[in-house]
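Scroll down for the structure; my scribbles are underneath it.
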Amino acid sequence: MDRNQLLSRRKVEGLIAAGRVIVISEGRVLQLDGWLNKHPGGRLAVLHMVGRDATDEINV
């Protein structure tokens, strides 16, 4: 995926359906597959936000 590629809602939904761990932060789509097991709050904290705007959670 190109870092500056504009993704449609449908494309994001497709990535999630394909098993990617995707969240939105400040209008950007973040793929967090590699971060899942490194998150200090545990993987469930990340999985809870899949497909959602996680801007506030990330900025905290």
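Condition first: in a helix (DSSP H, G or I) and of a type in the set (A, V, I, L, M, F, W, C). Now tell me which residues in the range 40-60 satisfy that. Spell out the reasoning first.
Kept after step one, since they are in a helix (DSSP H, G or I), are these residues of the range 40-60: 43-47, 55-59.
If the condition is that a residue be in a helix (DSSP H, G or I) and of a type in the set (A, V, I, L, M, F, W, C), then L44, A45, V46, L47, I58 are the ones that fit.
Answer yes if at least one residue in the range 7-24 is exposed (fewer than 13 other Cβ atoms within 10 Å of the Cβ), in contact with a helix residue (DSSP H, G or I) (Cβ under 7 Å, 6 or more places away or on another chain) and either aliphatic (A, V, I, L, M) or touching a residue at least 24 places away in the same chain (Cβ under 8 Å) (or both), and no otherwise. Within the range 7-24, not a single residue is exposed (fewer than 13 other Cβ atoms within 10 Å of the Cβ), in contact with a helix residue (DSSP H, G or I) (Cβ under 7 Å, 6 or more places away or on another chain) and either aliphatic (A, V, I, L, M) or touching a residue at least 24 places away in the same chain (Cβ under 8 Å) (or both).
With respect to V50, determine if the residue is surrounded by 10 or more Cβ atoms within 10 Å (Cβ to Cβ), touching a Gly at 6+ places or on another chain (Cβ under 9 Å) and modelled with pLDDT of 95 or more.
no
The values are calculated or read from the model by the stated rules, or taken from the named source; none is laboratory data. A quick note: this is a predicted structure, and the numbers were derived from the prediction, not measured. When we count neighbours, we look across all protein chains shown, and the Cβ atoms used for this are built from the backbone with ideal geometry, even at glycine.
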